[in-house]
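In what follows, a single structure is set out as structure tokens and then discussed.
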Amino acid sequence: MRGSSLTLAVACWMTFLAEFTSPVAAQETSNAVFSARIAPFLNAHCLDCHTGDDAEGQTDLQSLTPDFTTDARARRWIDVLQNLQFDQMPPPESDQPDAKDRAEVTGWILNELNKTGRYEGYRKKLLAPEYGNWVSHEKLFSGDIKTPPFSPARIWRYSPAIFTYRGLGNAKSPFTFMTSERGIRDYASISVADQSTVQMMLIAADSFLADRQRRGEFDRYAAPELELSDQQLKDILQREFFRVIGRNLSEAEIAKYLAFCKQNISTGGNLEGIKTTIKAMFLSTESMFRMELGRGPVDQHGRRQLSSDEIAYSLAYALTDHPPERNHLIRDAWKSDKLKNKQDVEALVQQIMDQQLTTGRWEHRDLPRVMRFFEEYFGFHRAGNVFKDNDRRRREKINQWNTNMLVHDAKMLIEHVLRQDQDVIAELLTTNQYFIAHPGNNQYAKEYYDEQVAKMTAPGYVEEKVQQRREQLQKEVKDWQLKKDEAERRLESYRKTEQLRVERYKTAIAAGMNPHPSYPFAPKSRGIGDLLYIEPYNLPSSGSADEQKWDWPLEQPLAMPKNQRAGLLTHPAWLAAHSLNEDNDPIRRGIWVYERLLAGVLGDVPPDVDAAVPSDPHQTLRQRMQNLRDQRCWKCHRKINPLGETFEIFDDWGRYRNRIYFDQDGKVYHRRDGDFERRLEANELTTRPVDASGMISGSGDPNVDGPVQDAVEMMHRLGHSQRARQSFIRHLFRYLMGRNEMLSDSQTLIAAEQAYLANGGSFKALVVSLLSSDSFLYRR
């Protein structure tokens, strides 16, 4: 399998290289292209600093010739390529070349490297997820590329999520993601099954069969005198195959498995024979791989369309974690022979988006991969992975650090924006409308709220609940599970708790507030017990039995202060996920904005560079990061620090702040508990305004680029920009296609953006366009 995957990867790369050079340049010799295009570029943008013995960085580019035949000369061109590719040269203070001119030079260098067989390192990087932005953004959306889109034919190993949802009991997934946790994960080109995967699949099969045998599911086959007819065996095989693989057997497959099963039974008896046959199903190719080879008709460009079967499976696994038989819309279209062409697929995906985009239980959505895209793109779901010390939490007045609820709130916001389906990308990046301690469904929220308020304020409520509890405790005493005096103590404690709850409701209502009703774990809610976790929103928290301090809105989303919140990147879940254990992480936040919203490219960190931020309790984080403005560091950090530092208006809990406090020793003072209040009243603390200023550059739009005062202003400027919209589309493309973009995908990406804009910024239209595109439907 590795050889097959590598062959496809090389074919993908060769196609990329072939497209990187314009048709005119392909007809000219390397020398002619160098004289006409490359040398003038170097003269205009490089030779002022890189000429002769005094050349900057001892890099003399004046002597460069279009000769890639020796390693030394090729390495010099690779240095030029990397500096242009990573936007490190020309330096920011110099006039910058046109993006298309830059792309043409890098394309020529890549083409020359290909001619001399020196492209291996770049081939690998191009296919890796972290190098997805390497293909020129300007060329992708220029409209100049006319190559018909396609995807390389491929065999695609299943993801861990697909295995998990097969319903195989406690069997552990033999699959792992081969990609970083911090990006798009399910990449076809690097997901292969090796020996360890097969061994793990055998272990999973044994675990699955052992669990079922313990439950007695195979007991009926254990009797040695039992004789099973061919029809009985066929029924067993059909049932087991559907459970393991997710589809029905064909007649030819039934015959094959029947013969195999009968042979196993003759050797080991009914029970062992059937179990061995089921284990063989686990080891079948279809148990481990998705096959997208293009078994449909071949067009005039040599592209092979996916067959109806392949389209059904590709759509099912693009949107769900299940085979097509388990989504009735895909199954019905497939069985009705309505998956033959682009129009069929377009109609089906539109139907799926309209009917199922946000449906299903809160923990099991009908289209789980849609929400997973937003998790992998934004990364907010990893908020709980960042350790926060409990002692520090108490000192800084975070009464409950519940990242699960913060993540839930973020998901509710996303689903709300998807239901509205208007200007989706900008809304996700700029809205100040949030959900806080809410199930996300206003109708259900009100129904449950009214029910709870009626119960809690009804005469005799406490005594009714106490009586129910008394009966439970009396039964435990009677059964010798509890002593009588302990039962009485528990009953009194229970009475006080219920009295406090009733008092909390009545106090909140008397104050004109909506008492939070403590939503249960249910298909429409999420077990939101209280308002104890809401401090990261700059809101006063309270437990289920405490006096409520915040007028919780029953109907949500609610409007947060516009100068404090703008979209998901200022949401506590995202801020916490992109923080450190004890502080903010401007570098990683800046990288996220640069790569995800500006389609930027960063070079590898040199191995001898130590970019550690020094500790100094007397300085703010921004002050301590000044060492990264050293000339060597700043080549890369100039792209990310001015973006990441804008988030300093928030602490690492996600709370908005506009000032930083210092104690009498001049140390940054982080406490927000009673000691903070005492010192503040005693004038023992001094303050400085937070410096969250930054800079946007590289968007390609002079109305977007420029200084910003903080992250809120940055998000409003970037959130409505063409660059952020196109970058979002590129990442959605990677997620749905399972690979990076090639230049031949240009028409697909342009059509997707046009569909999005023509439908008022519709995410549904974006998905429909991508999943009915030639990039999705054709293989070569």
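The values are calculated or read from the model by the stated rules, or taken from the named source; none is laboratory data. Treat the numbers as computed from the prediction; the structure is a model and nothing was measured. So basically every Cβ, Gly included, is an ideal-geometry build from the backbone, and we count neighbours across all protein chains shown.
Among the residues that make up the range 444-453, is at least one of them under 30 Å from GLY761 (Cβ atoms), modelled with pLDDT of 95 or more and surrounded by fewer than 17 Cβ atoms within 10 Å (Cβ to Cβ)? For the range 444-453, residues under 30 Å from GLY761 (Cβ atoms), modelled with pLDDT of 95 or more and surrounded by fewer than 17 Cβ atoms within 10 Å (Cβ to Cβ): present.
If you check GLU217 against the conditions, is it closer than 30 Å to GLN232 by Cβ and not in a helix (DSSP H, G or I)? For GLU217, the condition - closer than 30 Å to GLN232 by Cβ and not in a helix (DSSP H, G or I) - is met.
For LEU569, the stated conditions do not hold, so it cannot be described as surrounded by fewer than 24 Cβ atoms within 10 Å (Cβ to Cβ), in contact with a Lys or Arg (Cβ under 9 Å, 6 or more places away or on another chain) and closer than 15 Å to ASP651 by Cα.
Every residue, every condition in (1) touching a residue at least 12 places away in the same chain (Cβ under 8 Å); (2) more than 16 Å from the chain's Cα centre (by Cα), yes or no:
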position: HIS328; (1), (2): no, yes
position: ALA333; (1), (2): yes, yes
position: LEU339; (1), (2): yes, yes
position: ASP366; (1), (2): yes, yes
position: GLU376; (1), (2): yes, no
position: ARG382; (1), (2): yes, no
position: ASP389; (1), (2): yes, yes
position: ARG392; (1), (2): yes, yes
position: LYS397; (1), (2): yes, yes
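The set of residues in the range 626-675 being of a type in the set (A, V, I, L, M, F, W, C) and at pLDDT below 95 consists of LEU628, CYS633, TRP634, CYS636, ILE640. When you look at SER746, is it within 30 Å of LEU367 (Cα to Cα) and touching a Ser or Thr at 6+ places or on another chain (Cβ under 8 Å), yes or no? So SER746 passes the test. Considering the range 288-332, the residues that are in contact with a helix residue (DSSP H, G or I) (Cβ under 6 Å, 6 or more places away or on another chain) and small (Gly, Ala, Ser) include one that is surrounded by the fewest Cβ atoms within 10 Å (Cβ to Cβ), namely ALA318. When the range 123-137 is filtered for residues that are modelled with pLDDT under 75 and hydrophobic (A, V, I, L, M, F, W, C), the ones remaining, listed by number, are LEU126, LEU127.
Can you find even one residue in the range 192-212 that is surrounded by 14 or more Cβ atoms within 10 Å (Cβ to Cβ), at pLDDT below 85 and under 29 Å from the mean Cα position of the chain (by Cα)? Yes; the residues of the range 192-212 include at least one that is surrounded by 14 or more Cβ atoms within 10 Å (Cβ to Cβ), at pLDDT below 85 and under 29 Å from the mean Cα position of the chain (by Cα). Where helices (runs of 4 or more DSSP H) fall entirely within the range 718-772, those with at least 1 residues that are in contact (Cβ under 8 Å) with a residue 60 or more places away in the chain and touching a strand residue (DSSP E or B) at 6+ places or on another chain (Cβ under 9 Å) are at 722-737. Candidates are the residues of the range 223-245 that are more than 20 Å from ARG166 (Cβ to Cβ) and surrounded by 15 or more Cβ atoms within 10 Å (Cβ to Cβ); the one that is farthest from the chain's Cα centre (by Cα) is LEU228.
Here ARG655, ARG679, ARG671 are screened, and the one residue that is among the basic types (Lys, Arg) and under 30 Å from the mean Cα position of the chain (by Cα) is ARG655.
For the range 109-122, a residue qualifies if it is at pLDDT below 70, assigned to a helix (DSSP H, G or I) and surrounded by fewer than 20 Cβ atoms within 10 Å (Cβ to Cβ), and the qualifying residues are GLU120, GLY121.
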